[in-house]
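Values in this text are rule-based calculations from the coordinates and carry no lab data. Computed from a predicted structure; not experimentally measured. Methodologically, a virtual Cβ is constructed for each residue, glycine included, from the backbone with ideal geometry; neighbour enumeration extends over all protein chains shown.
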Amino acid sequence: MSKSSLLALASIALLVAVALLLRGTGTVVEPPPTLSLERAADGVDALARSFPPPGDAPLVWPGDHAAKTEQFAESWIVAGLVEGESGERVGFQLVFYRLAAQPEAAERESAWATRDVYRARLVVEPAGGKPVAEERLSRSALGLAGSDSDPAGVWVEDWRASIDGDSGAIRLSASTAGAGLDFRVETSGTAPVPVDAELYRGFWWPGLRVTGRLQFEGREMAVTGHAMMERLWGRGLPAGRGQLALARLWFDLGDGAAVRCEQLRRRAGGGTPVTECIAYPASLGEGITMAPADTSRPARTASSYPARWIVALPASGEVLRIEPLSAGPSLPAAGAWSAIVVADGAPQRWGLLELSNFAPP
Amino acid sequence: MRIVGPACITLVLWGCGNSAEAPLVLGATGELPKALQRAGDPELGREILLNRGYVSCGVPFAAYQAASPARGPDPKLAGRLGRNAELPYDLNFTVDQNGVELVVSNCLACHGGRFDGELVIGLGNAFADFSGNPVRTIEGIGLLVEDGAPAEAWQRWADRIAAIAPYMVTDTVGVNPAPNLTMALMAHRDPSSLRWHEEPQLAPPPTAPLPTAVPPWWRMQKKHAMFYHGGGQGDHVPFMMLKSLVCTDTLEEARMIDEWFTHVRAFIASIEPPAWPYAVDEALAAEGEQVFGRHCAACHGSYGEAWSYPNLVVPLEQVGTDPAYARQAIEAERFIRWFNRSFYGRGAQARPAPGYVAPPLDAVWATAPYLHNDSVPSIAALLDSSQRPAYWRHLDEPREYDQETLGWRFETSPHGKASAAGPAEARTIYDTTRPGYGNGGHTFGDALSESERRAVIEYLKTL
């Protein structure tokens, strides 16, 4: 079994957590014990296998931004680092997931009946300050959440990411108590990089430009900055599961260079971490290693994660020490944690770090 | 030292001397001494081979099912009991001391080969691929393992495989790394207690395994000693059970497996070579028998009801085939000593010789490619050294057997690994210019005429 397929199998854990949330109150909860998760995962695994594989059709833009509701799961991740006119630096994440809860469209008469559930996360992360975060979970009934094909877009309540069909730019709009954003995200000459695994595929698009307005700490400001996006679809999405944690890092090195890495490592420690990277340009991805900066303090709870990492890039001879842009804790979401990160000594270099299933056994 | 015959795993010996110990006794070229073997029940041995956990660590069954939901018992083997019947032929089912159901490897990944689509127990698998590092897969399986005892079982197995992984990655598809990985296992174990050490206690073997062919089990009906250099002397059981070195940490478990393998050895020694499944030109074969008798039988023996087999180790300088493997074995003093003082060395002796055993040729037509390192793709090329390709690869889509040359369909490559388009192509090329991969020597067939070679080939079909 290939590493990619293992990652894909693992990915279902994240979606199981979503399914469990649907049965609850709708608020974010810590993940259930592994055994329960595995039992729940068995059913989700079977459901996922009832959907078609992601296929191998050529990728197209902006067409592949659009909803692919024939797939079991899909995601839209947009993250970036913007700067206000006064020099304030603020990171952001706006992330949408769709998961099919049953193979066919809901046939119940209830207006609440749905086949798909959506989860979204908005995080606004000021440099050195406390992040503001909210997660929403909803269903594709009564217009509460959904995804479109023409023009391409996805929304959960009033949070939305949509494609301007003419320009290909992405319009982001979302707000929560204490923060909100209204951004236009455009390409700046970089090309999307295909992401291909056995159970999912899609693309990662680094080097995007951001303009727009940000509401934060009672103020509204014009901002400009940089972003990246990742769009995946298939029978699962990447996440840690079982005995393995998954660290995902997207990092913008500036001057058009960027790397995207996934690393599986044992929750209990030991073993050999398995790292796979792609990069722009491609040669930059060779031989990259990454490890938590402080291995002497493993995560002790489900919501405690190694936020500081050391990333070595042999192709460029660099060793990056990365850490969260914000000072406070971010939102633990269903067994996962994510934050905008910056490199020690090079704050213009930024990235998104996403960790899942890091709680020790 | 390459263990010839029924080795589930092999022993290679490599290293430097220790002047404080008694001089090492190596094997000699010439006739191998015969050793009385312990009696066993062949039928019970087959049952053990195909159903029990002589490799006692592996993948938790639930994780295996989640990872491989579509991989069933193909082909079905008679005598697979209980959950073994649900598994592919090269995996067994067992339950560990904590009650965790496990899927473990058995001997057939290497010692089960296919001929014309049929699985033949005891035929070496010349198409197995050990060119990939297994660590990604074994670590990745952890995604599917639950907390508690299953996690503990997976971690133990994964750590063992990771310890030997650097020594078992071949650079060519089809060749086998078992001798090297066996040395790596010895380096991690105390020979007396079999206790596992995370750090090697002996200098480990080189990380580039020499290529070895997997010999057919049916040769053990005639062979006095195991391995290509004849170094597996005395009781054959300890050599045959060396695969259990991966997980067997106690003498108690080793004794149990030793008892099991008394019967497994009896089964292996009972295996009859398969019969040539196609037509034979009887007249031509009769001519070939005469040529064989004059040119080949002195080393390879005679066949038929009044068969004879001389059990000869032919000196390296006489046979002329790639010497790296035998030399590695005789220089591996620390591993020779490890074996001989270990639990496994009670009734067996590791005594590699500076030569290669001329094997019995029963069903040799089924055992392509040829020589101890799989370097010659067909009997036709073995008998005419001018026809041996320097660079070649098997054609596996589809896999076809050539009844004229007695080998699997292959193509020559215009270049070796160094000029390959990339790693994916390089690993498919058998490059005879690489150390240990040489295809020279055993040029005895060059003295024959073309018609004599054709006759010998026809005769070999009848063995």
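Okay, here's what the table says:
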quantity	calculated
Exposure proxy order (Cβ contacts within 10 Å, fewest to most) of B:TRP276, A:TRP159	B:TRP276, A:TRP159
From phi via Karplus (6.51, -1.76, 1.60), per-residue ³J(HN,Hα) for the stretch B:132-147 in Hz, x at Gly/Pro	x, 6, x, 4, 4, 5, 5, 5, x, 4, x, 4, 10, 9, 6, 5
From phi via Karplus (6.51, -1.76, 1.60), per-residue ³J(HN,Hα) for the stretch A:163-172 in Hz, x at Gly/Pro	9, 7, x, 7, 9, x, 6, 9, 9, 10
10 Å Cβ neighbours from other chains, averaged over peptide B:332-338	0
Calculated SAXS-style log₁₀ I(q)/I(0) at q = 0.11 Å⁻¹ - chain B, Debye, Cα scatterers	-0.86
Expected-Rg normalisation [2.2 N^0.38 Å, Cα atoms] applied to the stretch A:210-297	1.42
Contact order normalised by residue count of chain B, Cα under 8 Å, 6+ apart, percent	23 percent
Alpha-carbon Rg with Dmax, taken over the stretch B:29-70, Å	18.5, 53
Under the Karplus curve 6.51 cos²θ - 1.76 cosθ + 1.60, θ = phi - 60°, whole-Hz ³J(HN,Hα) for the stretch A:223-240, x wherever Gly or Pro sits	9, 9, x, 10, 8, 9, 9, 9, 10, 10, 8, x, 8, x, 10, x, 6, x
Long-range amide H partners of A:ALA66 with built H, under 5 Å	none
Order of B:TYR167, B:TYR356 under a 10 Å beta carbon neighbour criterion, fewest first	B:TYR167, B:TYR356
Per-residue [θ]222 nm for the protein assembly as shown (sum of -39500 (n - 2.57) over DSSP H runs n ≥ 4, rounded to 500)	-6000 deg cm²/dmol
Amide H contacts under 5 Å for B:LEU102, placed H, 5+ residues apart	B:PHE61, B:THR94, B:VAL95, B:ASP96
Shielding by partners - mean other protein chain Cβ count within 10 Å, residues of A:259-269	2
Number of partner chain Cβ atoms within 10 Å, mean per residue of B:144-155	5
Three-way shape label, the stretch B:381-463, alpha-carbon gyration tensor, a/c 1.5	oblate
Stokes-Einstein D in µm²/s, Kirkwood radius over Cα pairs - the stretch B:269-403 at 37 °C with 0.692 mPa s viscosity	184 µm²/s
Per-residue Cβ neighbour rank within 10 angstrom, fewest leading, A:SER188, B:SER270	A:SER188, B:SER270
Values of log10 I(q)/I(0), in the order q = 0.05 Å⁻¹, for the protein assembly as shown under a Debye, Cα-only, solvent-free model	-0.34
